Amino acid sequence: MSDSAMPALASTPTDAIGERRSQAVTRGICRLFARNDIWVIPEMPLRNGRRADLMGIDPKGRIVIVEIKTARGDLMGDGKWPDYLDFCDRFFWGLPPELDRACLEGEDFRPDLCGVIVADEYDAEIIRPAPSQPLAAARRKAEVERLARTALRRFTVQADEACATWAIGREN
């Protein structure tokens with residue numbers, strides 16, 4: 001049986017809870033950012049094969065990436081997060097209030113490079129600002145253009161599903 005013919009596996013209750021938690025954190029962060037004129041899109045593919053949970057642009061044209069973690073095991077097991085640093089000026093961890101964030105103060109999580117945002121479905125607060133690590137101008141320009149094209153492509157497909165045919169395979 002081909003993968004496309006396989007029946008979808010039912011999500012476990014734990015998966016559903018984690019997904020709802022992730023959506024709540026995302027919503028809170030988006031509200032905080034919108035109030036501060038920072039506009040993001042979710043699930044932004046990067047040129048290195050990674051996918052940023054949230055990626056956007058602040059009022060000064062700086063690129064912001066947020067990696068959302070809702071479970072301690074997921075946070076502790078994430079060894080890929082340094083791969084995002086080459087694609088942003090500021091990097092944040094986005095966490096729900098109940099998640100113990102003490103580990104983010106450790107050397108492995110590079111507090112000198114990473115900010116921390118705590119969020120629920122209603123709002124968010126920056127607990128530790130993200131230090132600015134400016135990208136080279138050429139890299140920033142390329143990433144801003146990729147971000148804009150991805151956002152515009154998604155908007156167009158959402159407005160007219162017929163355009164999805166031409167958008168296939170163009171997310172990177």
Of the conditions (1) of a type in the set (Gly, Ala, Ser); (2) free of Cβ contacts under 8 Å to residues at least 60 places away in the same chain; (3) surrounded by fewer than 16 Cβ atoms within 10 Å (Cβ to Cβ); (4) closer than 17 Å to ALA151 by Cα, GLY49 fails just one. Which one is it?
-> (4)
What tally of residues in region 40-49 results from selecting those that are touching a helix residue (DSSP H, G or I) at 6+ places or on another chain (Cβ under 7 Å) and either farther than 19 Å from GLY61 by Cα or in a strand (DSSP E or B) (or both)?
-> 5
What about ASP89, is it over 11 Å from the mean Cα position of the chain (by Cα), of a type in the set (Asp, Glu) and buried (at least 20 other Cβ atoms within 10 Å of the Cβ)?
-> yes
Might you check whether a residue that is surrounded by 11 or more Cβ atoms within 10 Å (Cβ to Cβ), out of contact with any helix residue (DSSP H, G or I) (no Cβ under 7 Å at 6 or more places or on another chain), within 17 Å of ILE126 (Cα to Cα) and at pLDDT 95 or above occurs anywhere in region 65-83?
-> no
Residue tally, condition at pLDDT below 85 and among the charged types (D, E, K, R), over region 93-126 | 5
Just one of GLY94, GLY115 is of a type in the set (Gly, Ala, Ser), in contact (Cβ under 8 Å) with a residue 12 or more places away in the chain and under 24 Å from ILE17 (Cβ atoms); which is it?
-> GLY94
From the set of residues in region 34-46 that are more than 9 Å from the chain's Cα centre (by Cα) and of a type in the set (A, V, I, L, M, F, W, C), which is surrounded by the most Cβ atoms within 10 Å (Cβ to Cβ)?
-> ILE38
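The values are calculated or read from the model by the stated rules, or taken from the named source; none is laboratory data. What you see is a predicted model; the values in this text were computed from it and never measured. A quick note on method: Cβ atoms are made from the backbone with ideal geometry, for glycine too, and the neighbour counts reach across all protein chains shown.
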